[in-house]
Structures are given as structure tokens and as C-alpha cells.
Amino acid sequence: MEIIKTITVHPKDYLTSQELAEIDHEISIMETREAAGIEALKVVQAHRGWISDESLHVIATYLRMSSAELEGVATFYNLIYRQPVGKYVIHLCDSVSCHLTGYQQVLNAIVQHLNIGYGQTTEDNLFTLLSNVCLGGCDKAPVMMIGKQHYEHLTPEKAVEIITALQNQNQNENVEVEL
Amino acid sequence: MNALTHPLTHLVNLQSPLNLNEYSQQGGYLGAEKALKEYSPSQVLDIVKNSQLKGRGGAGFPTGMKWSFVPHYDESDARSQDNKYLVCNADEMEPGTFKDRLLLEGVPHQLIEAMIIAAYTIGANKAYIFLRGEYHLAAKRIESALKEAYQANWLGENIQGSEYQLDLYLHTSAGRYICGEETALINALEGKRANPRAKPPFPQVAGLFGKPTIVNNVETLSNLPHILKNGPDWFINISPNSDAGSKIYGACGRIKNPGLWELPMGVTIGEVLNTHAGGMQDGLKLKGLLPGGASTDFLLPEHLDTPMDYDSIAKAGSRLGTGGLIVLDDKNCPVAMVLNLLQFFAQESCGWCTPCRDGTPWAVEILTRIEQGKGTIDDIDSLLKLCDFMWIGKTHCALAPGAVEPLKSALTYFNDEFMQHIEHGCCPYHGAY
Ligand SMILES: Cc1cc2nc3c(=O)[nH]c(=O)nc-3n(C[C@H](O)[C@H](O)[C@H](O)COP(=O)(O)O)c2cc1C
Ligand code: SF4
Ligand code: FES
């Protein structure tokens, strides 16, 4: 049975030694294993791009908690991806300061350029588009975050330029972008 | 700009924050040294109480008083052996608020020094910085500052020979505004869903892992090294006619020079908006503003002379909140702005209690209708009723009342605009921006 097989995978057979080391560090700074949950999800996501059901089961097993409980945590947070995402996840701020300074036009330009809406991924699996609450760059609004990078003072043209630059960089296989 | 006039920001360097040596050469860690070597914890507590420092996280609760609620047990009592915790709230997700980011990215050692002082005072040996997940640069800079602080024995065992031990860790979160509410934050740190907890018991008595816990905002804590170094009287005299100390004020919207400024507590709204933020962009007029983030009531141009301190802003009918102005101009639709705010609160509601879980999306539905010109006069009544259902005392935490503040005040101040939408069957601003 598929499900049984999935839950019985031993965490040490599934998680890489690097993932285990990073999760162990998080466990060591908390009082309970469970308290490392969110950081553990982030560790695995950083290495694998998203949290699959299998990853979720394995992390829960490793933290000695139920998968259902960890799923409750994972789905609570918008920065944990429970579905596959593109290589670049665009987090466009849709909160009030960005709303006042041209968010809608920036969104329209991105949607038109990539031909996807919120929650969707481009066919080449390069971009996923998500909204984000205030990114803390309200004095430089509108703002978006791609990977770890914040892009500020956006205009529709500038947003498309940034995305085009990433598209070009990716066609040129050798250039890796720091995320 | 110097250490006495701009204590919080004079060492801020966003390009490349001071490392431990540089920070120490500028007087850094002297406050912590004084606390650990010259004072007992209860003496530091008295200093902080005397400074009249109030929390900068939004509610303005006196910091010294909050700390004094942490129970102290005799050594004979087993509970005296229990851990206590200090947590820095660096979740900063209130729309229109970006002040803590400046301190986190620009002068991370100041926060570490501050946390040593606070943790020593309340008797905590473990402390956490709870950082929102999107602040990647801050995370990197805090991690490297923490490493330096451990190497220089400002963290770890027997700090600077004082026999005091403190371990300080960084926890990076993964989104959701509600994590900034202090009891939700504690649940999040425990690895649980970040729903707020019922109070009492208050975290000061039973918080993280059931143990006494103090949660303080980044800006609140960052004042401590300076209060220790320069004394409570100096702190009070920064702003003799207002709440004690300086405050990092902000402004954003379609204004000439959006940004952040550390100013004495109690400068007027007009001073921040016109002197520092340069006033409105050309061709635009001031319509209204939220004085302290998304969850504060609107104020009007007639309120520009109001001092930005807790009492004065409250008297004007709003809250100082986080001290960041969100400025509405006359070419942005007030209904659309309120709709955007309510969408935020509806999305970020944790879903625990009915008035908020159901009320915020309901408000969004009605506001959408009005903004699209399909609203009726009854919709205004329904919105007012919702404001009542979601008010303080009827919800499990302060998120829903925070949503009511801009909504209810907009219904009062921008009644004409709401009525225009309803009577004309369209948004009068449509296409203006
Ligand atoms: C929905 C909600 C979100 C909050 N978010 C934050 C936050 O991001 N940062 C913060 O310092 N306080 C936030 N607060 C306030 C905290 O609950 C708490 O009052 C504060 O951290 C206490 O720190 P202080 O005493 O230093 O002000 C929030 C409150 C609510 C109700
Ligand atoms: S008021 Fe909203 S955010 Fe607060 S507990 Fe209730 S549902 Fe959750
Ligand atoms: S509202 Fe977009 S960065 Fe703050």
C-alpha cells in the first residue's frame, strides 16, 4: 500500500545529512522537538523547493509529532509551499502603501508578461506568482520579493525588466542566480 | 545627529553595519557592561521603570511595569530553578510599518546588547529573536552579529566574568501577521499553529513552554543600552513635554520624501509629514492619514497639529500604534483604500473566533460591492453593525478591533465618498490613478 510505504520511510533514508544537520541545530535551540517544526519545514523547502506529502510525513516522524499536526502548522504559513512552485517565486506586496502607489499597474504588467495569475506557475516552471502582505519597504513602494531579494520602487516597466533579466539569465545555463 | 539626540539610529549603517569591534569603539556594549557589573537585576528594573519607557510595539505599555510582573521565587522554591524567557518581537508585518527593519539591518549589535540587559533584568538565560521570514538581509546580519557576540563572550556562559549566562537564538518565521500578536508568537515559537492564547494567564507568568516570558518589540528594547549609559533623566528630557524618549517615525504614500526619522516623542503629525516627508507630491492634496499603521483610525488634515504621542493621538480619536503615517491623497479612492485594508485583515485573520473569521470577509464583500458602485444605503448600516460585532471584548485578540479602527473612522470621515459611490453607482475616483 502506497500510504503505508510513505509513512514508513525512515527519516535518515530520506533527509540528506545536510538537512539533518540543519534540523538538528534547530532542535538543539528549542525545548521540544516539535518547536523546531517551522524551521525544519523551511530547511527542507530550501533544499527541495517545496514541501511534498512525503517530506511532511518524514519531518513529522523525525520531530516525533503527528503528520496532521505538522500539516496544521505548514498550511498556516504562507511562506511554506505545499505545492510545487517555480524556480523563482514572485511575492508581490498587495498591502496598503503599495496599493496607494501603483500596485495594481505593476500586477497587471506582471500578469500580462508571464501570462499567469496569482497562485499559478509558468509552463517553463520558472515563475510562480503570489501576493504577500506588507514587505516592510513601504517608503520604497511598490515592492516585490523574489527569492531572498527585495525589489523596490517598482513601475510596471521595471518589474517586467527584472523578470526578463531572470528569464535571460536562465537561458544562459552557466549563470546561476543567488536566491 | 549623535548618541544623545538620536540614540536609536546614530549608529545605523545600512550599507555595512558595524561589527562588534566597531560597535564597541562607538560606546557599544557599555550599557550591558554597566548593567552586569554595576547593578543588580532589581536595580536595572528600577532604572527602566524610572525612564518611563513605553513599549513601541503598538500598545505603549510601560516596559518596566511589564517586567515587574515576572514572578520571583525564593531559592527554596523549586520554581526558582525554572527557565524564564525573553523574546524580541521582530515580526513587523503591520502594513505601513518598516521601522524595526532599520534597526535590525542597520545596527544588529544594539539589539543584542539590549537583549542582554533585558534578559539579565528578568532573570532569563534563554532568549529568542522572532524575525519575520521575509527579512532575509536582517537574518543574515543578526546571525553574524550573534556569532561575534558569542566569540567575544557577550553571549554564552559567564558573560564578561559576571557569572551571568545567556543564550540568544534567532528564529525566522514564515509569514502570517498574527504571529506578531505576543501570545500567537509564543505558540508559533513552540511549533504550534499561531492562534493567540486566552489571557490570563499573561505571558509574564506563563508564556513560552509554560514559563515566565517577556515579549518586547525591537525598538522598545533598542532603547535600553542608552538608558543604562545615560540614565533615566536624560531619556525623559529628550522630550520633556511628552512621553519619554525618542521615537522612529515613518511616513509613506504619495508624498515627496517617504522614509523614517528618529525624533523626540511628541513632534506633531504636520512636522513629520511636511518638514521631514516633504509634504504631498505635486498636484496632490492631503485627504487623510493613518497615524500608526494599518490598524489605527483615520485622522484628517485638521489633525496636523496633534503631537505624535500616546495620549495626544488618543485624544484625537486614533492610536499612535507603530508611529508610521500612511498618507491618503485626494486622487486615491478612500473606499478602495479601506477595502485594501480589510482584505489584509480578512486574509490574516487566524480564524479562531467567529466575529473576526466571518466578520472581516463579510466587510470585504460589502466594501467590494460599494467600490464597484453596486452598494446600497443598507450596506453602510451593515458595515457599522460589523464594526460593533468585531470590537474590543467580542473577539479573542486585538486583530479584529484593529480592522475596525480604519473602517469605522472612514465611515465617519469619508461618508460623502461612500455615499457618492452608492448614489452614482460607480467609483468617482475610477481611473484617477
Ligand atoms: C495582530 C497583532 C499583530 C502584532 N504584531 C506585532 C509586531 O509585528 N511587532 C510587535 O512588536 N508587536 C506586535 N503586536 C503587539 C504585540 O502583541 C505586543 O504588544 C508587543 O510585541 C509588545 O512589545 P512592547 O511592549 O515592547 O511594545 C501585534 C499585536 C497584534 C494584536
Ligand atoms: S480576532 Fe481574528 S486573529 Fe484574533 S483570535 Fe479572533 S480570529 Fe484570530
Ligand atoms: S505596503 Fe507594500 S511594502 Fe509595505
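What follows draws every value from the coordinates through simple rules; no lab data is involved. All figures in this text were calculated on a predicted structure; none of them were measured in a lab. Methodologically, a virtual Cβ is constructed for each residue, glycine included, from the backbone with ideal geometry; neighbour enumeration extends over all protein chains shown.
Computed values, structure above
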quantity: Within 10 Å of each Cβ in A:71-83, the average number of Cβ atoms from other chains; calculated: 4
quantity: GluC sites (Glu not before Pro), loop per DSSP, at most 14 other Cβ atoms within 10 Å - longest free stretch of chain B; calculated: B:164-433
quantity: Cross-link partners of residue B:49 among aspartates and glutamates (Cα-Cα below 15 Å; sequence separation of 8 or more within a chain); calculated: B:233, B:243
quantity: Residues listed by number, segment B:231-270, amide nitrogen under 15 Å from residue B:65 label point at 7 Å toward C-beta; calculated: B:243-244
quantity: Structure-based [θ]222 nm, chain B - -39500 (n - 2.57) summed over DSSP H runs of at least 4, per residue, nearest 500; calculated: -12000 deg cm²/dmol
quantity: Gain upon complete extension [residue B:34, residue B:241; 0.36 nm per residue less C-alpha separation]; calculated: 71.7 nm
quantity: Theoretical FRET efficiency, 1/(1+(r/R0)^6), r = Cβ-Cβ of residue B:43 and residue B:19, R0 25 Å, to 0.05; calculated: 0.25
quantity: Test item: Cα-centred dipole of the protein assembly as shown, Lys/Arg +1 and Asp/Glu -1 on Cβ, debye; calculated: 420
quantity: Linear extension gain, residue B:82 paired with residue B:419, 0.36 nm per residue minus alpha-carbon span; calculated: 115.4 nm
quantity: Choice from B:222, B:409, B:76 showing the highest fluctuation, given a GNM over chain B with Cα pairs closer than 10 Å; calculated: B:76
quantity: Listed pairs A:42/A:140; B:34/B:66; B:285/B:331; B:54/B:126; B:126/B:229 exceeding 19 Å between Cα atoms; calculated: A:42/A:140; B:34/B:66; B:54/B:126; B:126/B:229
quantity: Sites residue A:28 and residue B:372, calculated FRET efficiency, Cβ-Cβ separation with R0 41 Å, nearest 0.05; calculated: 0.15
quantity: Residue of A:168, A:125, A:108 that the Gaussian network model of chain A assigns the largest fluctuation, springs spanning Cα pairs under 10 Å; calculated: A:168
quantity: At 0.692 mPa s and 37 °C, Stokes D of segment B:334-424 from Kirkwood alpha-carbon radius, µm² per second; calculated: 257
quantity: Charge-dipole axis of chain A as Lys and Arg at +1 and Asp and Glu at -1 on Cβ define it, positive-most pick from A:72, A:118, A:160; calculated: A:118
quantity: Simple spin-label estimate for residue A:158 and residue B:202 in nanometres, 7 Å along Cα-Cβ; calculated: 4.4
quantity: Virtual paramagnetic centre 7 Å along Cα→Cβ of residue B:430, amide N under 19 Å, in segment B:353-386; calculated: B:365-377
quantity: Gain on full stretching of the segment that runs from residue B:147 to residue B:275 - 0.36 nm per residue minus C-alpha separation; calculated: 42.0 nm
quantity: Compactness index (Cα Rg / 2.2 N^0.38 Å), the protein assembly as shown; calculated: 0.96
quantity: Rounded FRET efficiency, nearest 0.05, which uses the C-beta distance separating residue B:385 from residue B:304 and R0 of 30 Å; calculated: 0.40
